[in-house]
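A.B. asks: Here it is: the structure, laid out below.
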Amino acid sequence: MLELSILGFLAEEPLHGYELKERIKALSGHVRPVSDGALYPAITRLIKAGKLDEHTEPGASAAPRRILSLTDAGREDLLERLRHPKQVEITDQVRFNTLLAFLRHLPDRREQAGVLRRRLEFLTAPTSFFYDDGQPVRAEETQDLFRQGMLRVARATGEAERAWLTEAIALLDQPS
């Protein structure tokens, strides 16, 4: 997801490394913080692969800044990642939010709707944090106050997300 975030933010505008890190940090928050030890090697890999371009500009009152921008190959990679996200990018909430943050860059509304349909299919499958004899446990079926809270919040969140996905897919399916 780090590379998707890098490509996605640079599709919007050229940035220097610190600005890019701050935007990625704001997107993933405290859940999955980005370290310099992960970010800068990922940037280097993308530069070597021809997906990013780098040049230096004088700093305002500091050392020169490395400005990163997306190449045509980087844009194609971004679009491919958006068209065909991995299953974990559909099932993991934080990864899916990262996908959503950049899905607007995918120009084909049908492809955008296809990604949302995959998430909706995932969210409609019965699931739980807890199971009894292989069956999902519902909030009403547990006496544990804290597990009940987890399950109720998850259900409410899931209902809200399913409603939004259904609306968004309907909009994307309308003729433009």
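A.B. asks: Any chance you could count how many residues in segment 1-20 are within 10 Å of the chain's Cα centre (by Cα) and among the small types (Gly, Ala, Ser)?
C.D. replies: Within segment 1-20, residues that are within 10 Å of the chain's Cα centre (by Cα) and among the small types (Gly, Ala, Ser) number 2.
A.B. asks: Here is a further query. Touching a residue at least 12 places away in the same chain (Cβ under 8 Å) and surrounded by fewer than 19 Cβ atoms within 10 Å (Cβ to Cβ): which single residue out of Arg110, Arg81 fits that description?
C.D. replies: Among Arg110, Arg81, only Arg110 is touching a residue at least 12 places away in the same chain (Cβ under 8 Å) and surrounded by fewer than 19 Cβ atoms within 10 Å (Cβ to Cβ).
A.B. asks: Moving to a separate point now. Check off (1) at pLDDT below 95; (2) exposed (fewer than 15 other Cβ atoms within 10 Å of the Cβ); (3) more than 20 Å from Thr157 (Cβ to Cβ) for Arg66 and give me the number that stays unchecked.
C.D. replies: All conditions pass for Arg66, except number (2).
A.B. asks: If you don't mind, another one. Taking the condition of being open to solvent by less than 80 Å² (accessible area, probe 1.4 Å), hydroxyl-bearing (Ser, Thr, Tyr) and either modelled with pLDDT of 90 or more or outside any loop (DSSP other than H, G, I, E, B) (or both), how many residues in segment 20-60 meet it?
C.D. replies: Number of matching residues: 3.
A.B. asks: Next question. Which pairs turn up if I take residues in segment 127-147 that are closer than 24 Å to Asp92 by Cβ and open to solvent by 100 Å² or more (accessible area, probe 1.4 Å) and look for partners that are aromatic (Phe, Trp, Tyr) and assigned to a loop (DSSP other than H, G, I, E, B) with beta carbon separation below 7 Å, at least 6 apart in sequence or on another chain?
C.D. replies: Between residues of segment 127-147 that are closer than 24 Å to Asp92 by Cβ and open to solvent by 100 Å² or more (accessible area, probe 1.4 Å) and residues that are aromatic (Phe, Trp, Tyr) and assigned to a loop (DSSP other than H, G, I, E, B), the close pairs are Arg147/Phe130.
A.B. asks: Checking Gly134 against (1) over 19 Å from Phe96 (Cα atoms); (2) under 18 Å from the mean Cα position of the chain (by Cα): exactly one of these is not met. Which one?
C.D. replies: Condition (2) is where Gly134 drops out.
A.B. asks: Additional query: Assess whether Thr91 counts as being within 24 Å of Phe9 (Cβ to Cβ), open to solvent by 40 Å² or more (accessible area, probe 1.4 Å) and either of a type outside the set (D, E, K, R) or without any contact (Cβ under 8 Å) to a residue 24 or more places away in the chain (or both).
C.D. replies: In short, yes.
A.B. asks: Name the residues in segment 148-173 that are of a type in the set (S, T, N, Q) and either exposed (fewer than 11 other Cβ atoms within 10 Å of the Cβ) or more than 24 Å from Leu103 (Cα to Cα) (or both), would you?
C.D. replies: Gln148
The values are calculated or read from the model by the stated rules, or taken from the named source; none is laboratory data. Just so it is clear, the model here is predicted, and its values are computed rather than measured. In this analysis, Cβ positions are derived from the backbone assuming ideal geometry, glycine residues included, and neighbour counts consider all displayed protein chains. Just the protein is used for accessible areas: all its heavy atoms, side chains included, with ligands, DNA and RNA removed. Shrake-Rupley method; radii C 1.70, N 1.55, O 1.52, S 1.80 Å.
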